[in-house]
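Data first, discussion second: the structure below is written as structure tokens.
The values are calculated or read from the model by the stated rules, or taken from the named source; none is laboratory data. Here the structure is a predicted model, which means the values were calculated and not measured. Positions of Cβ are generated from backbone atoms using ideal geometry, with glycine treated the same way; all protein chains shown enter the neighbour counts. Just so you know, the surface numbers come from the protein's heavy atoms only, side chains and all, with ligands and any DNA or RNA stripped out. Shrake-Rupley method; radii C 1.70, N 1.55, O 1.52, S 1.80 Å.
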Amino acid sequence: MGRAFVYVILGGGVAAGYAALEFTKKGVVPYERPALSKGFLLPEAPARLPEFHTCVGANEERLTPKWYKEHGIELVLGTRVKSADVRRKTLLTATGETISYRVLIIATGARALKLEEFGVNGSDAENVCYLRDLTDATRLVNVVQSCPGGNAVVIGGGYIGMECAASLVINKLNVAMVFPEAHCMARLFTPKIANYYEEFYKSKGVKFVKGTVLSSFDFNSEGKVTGVNLRDGSHLPADMVVVGIGIRPNTSLFEGQLTLEKGGIKVNGRLQSSNRSVYAVGDVAAFPVKIFGDTRRLEHVDSARKSARHAVAAIMEPDKTGEFDYLPFFYSRVFTLSWQFYGDSAGEVVHFGDFSGTTFGAYFVSKGHLVGSFLEGGTREEYETIAKATRLKPPVEDLDELERQGLGFALTVSQKPSPSSVVEVNGSELIVERPLYAWHATAGVIVAASIAAVAYWYGRRRRRW
């Protein structure tokens, strides 16, 4: 037996859900993954489904199972696709069923890297947790509740590590973070910015162990982890461990069939792969970032949402849809802190604002142009302002003056109505050479960790054989 569909969305996360919603506009169920490291872990009034099904993160409809049925979309849940043949346009499930398609959208996302891939055993211990999907989050909550007031060790200093550490503190655990870099969020934060957040976390009781990595675990007779041994010889007591050491895109179904780049599936400006009938969105897609003129694979919910929408628009309205023109966007909210970043963290850094207060930021300047902007504690209007300024990539000649002007520089640049407007900075003329593009702000981490098939039942007609 098999089934045939016009459109098949392969995946079960944020990108899959937004693609499904976009299909209906043009002509387990996916949920908003950012909730898993934030509201889902709260000890009081935690977020639970159906509260955070896609697409509530962008103030859109909540896509419950009933919604899919009402909109002619057939969900194939709990079904693993074990192979794909893009030449024949078919997917083979683990149950032996063949699903054929006319157009395929790959939204398979990424999987969490496991400790065993770095030579450390222990991932199967009942108090060692990862966080990538709803099952992981539910297990993490259960482990947290099993050790009130205990010691939690977080392995990794990136997004998952920082957000989980904050949630564990709120759950009244003693938290230590371990990572090899010199400071947290090393791929994005400057040392000065990182120091601000690390000091804030320390004020909440978090201990940082930097410049070393996990070497091994100590176990009790029941197989639970009781301690963490580090490569520098130090030891940390542990009642639970959370591991957040990165992800790897789920591309294995298409290796040898589609062109890969940057660890993901290479697509063009219409999110179309090397096979014209196959598109890729979200974490798994390596797409051209027009503003910087190169190809990147971005791991963030905003990219997942917007790439999904654009792919469907390119499929359904090809003559009206241009190339995906995305401004990289990252954000996080922990404790009372909230930051947003736009663009690229390349080049020289100019910090501004009061780092002893609650509002500060940084500009990144490369080859004489603004290419990135970071802001902590801003208002909605201020975040919109730095986004617009970053999109414009205005020239910057005087870094000292840029520091002096701070947020005012972005405000001045973003308010200029004409592509040839002149911005006065310390007597020098800064020519704004690019038009002002619309800024899209959505808050929200991230594409599918499991593989399921979401099939669009085009015209509510299908055939079986």
query = Can you tell me how many residues in the stretch 360-379 are in contact with a helix residue (DSSP H, G or I) (Cβ under 8 Å, 6 or more places away or on another chain) and in a loop (DSSP other than H, G, I, E, B)?
reply = 1
ask   = Only one of G227, G161, G246 is in contact with a Pro (Cβ under 6 Å, 6 or more places away or on another chain) and not aliphatic (A, V, I, L, M); which?
value = G227
ask   = Just checking, which of R309, R305, R270 is more than 19 Å from A84 (Cα to Cα), part of a loop (DSSP other than H, G, I, E, B) and not aromatic (F, W, Y)?
value = R270
ask   = Which ones in the stretch 341-361 are more than 28 Å from K290 (Cα to Cα) and either of a type in the set (D, E, K, R) or in contact with a Pro (Cβ under 6 Å, 6 or more places away or on another chain) (or both)?
value = D354
Residues within the stretch 230-243 that are open to solvent by 20 Å² or more (accessible area, probe 1.4 Å) and part of a loop (DSSP other than H, G, I, E, B), tallied = 5
query = Out of all the residues in the stretch 340-356, which are part of a strand (DSSP E or B), closer than 23 Å to D302 by Cα and open to solvent by 10 Å² or more (accessible area, probe 1.4 Å)?
reply = Q340
query = Consider E323 against the criteria (1) open to solvent by 50 Å² or more (accessible area, probe 1.4 Å); (2) of a type outside the set (V, I, T); (3) in a strand (DSSP E or B): it satisfies all of them except one. Which criterion is unmet?
reply = (3)
query = Can you tell me how many residues in the stretch 221-243 are under 22 Å from N171 (Cβ atoms) and polar (S, T, N, Q)?
reply = 1
task = Give the residues of the stretch 192-235 that are under 26 Å from the mean Cα position of the chain (by Cα) and acidic (D, E), sorted by residue number.
result = E198, E199
query = Residue check: is R333 open to solvent by 10 Å² or more (accessible area, probe 1.4 Å) and closer than 30 Å to L41 by Cα?
reply = yes
ask   = Considering the stretch 123-144 alone, what residues qualify as being more than 16 Å from S37 (Cα to Cα), touching a helix residue (DSSP H, G or I) at 6+ places or on another chain (Cβ under 8 Å) and surrounded by fewer than 20 Cβ atoms within 10 Å (Cβ to Cβ)?
value = S123, E126
inquiry  = Can you go through E397, E403, E382 and tell me which one is part of a loop (DSSP other than H, G, I, E, B) and at pLDDT 50 or above?
reply    = E397
task = All but one of (1) surrounded by 16 or more Cβ atoms within 10 Å (Cβ to Cβ); (2) closer than 28 Å to S274 by Cα hold for G96, so report the exception by its number.
result = (1)
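When residues of the stretch 86-100 are filtered for being of a type outside the set (S, T, N, Q), assigned to a strand (DSSP E or B) and within 28 Å of the chain's Cα centre (by Cα), how many remain?
1
Return the only residue of T251, T226, T190, T212 being at negative phi, at pLDDT 95 or above and open to solvent by 40 Å² or more (accessible area, probe 1.4 Å).
Within the list T251, T226, T190, T212, the selection yields T226.
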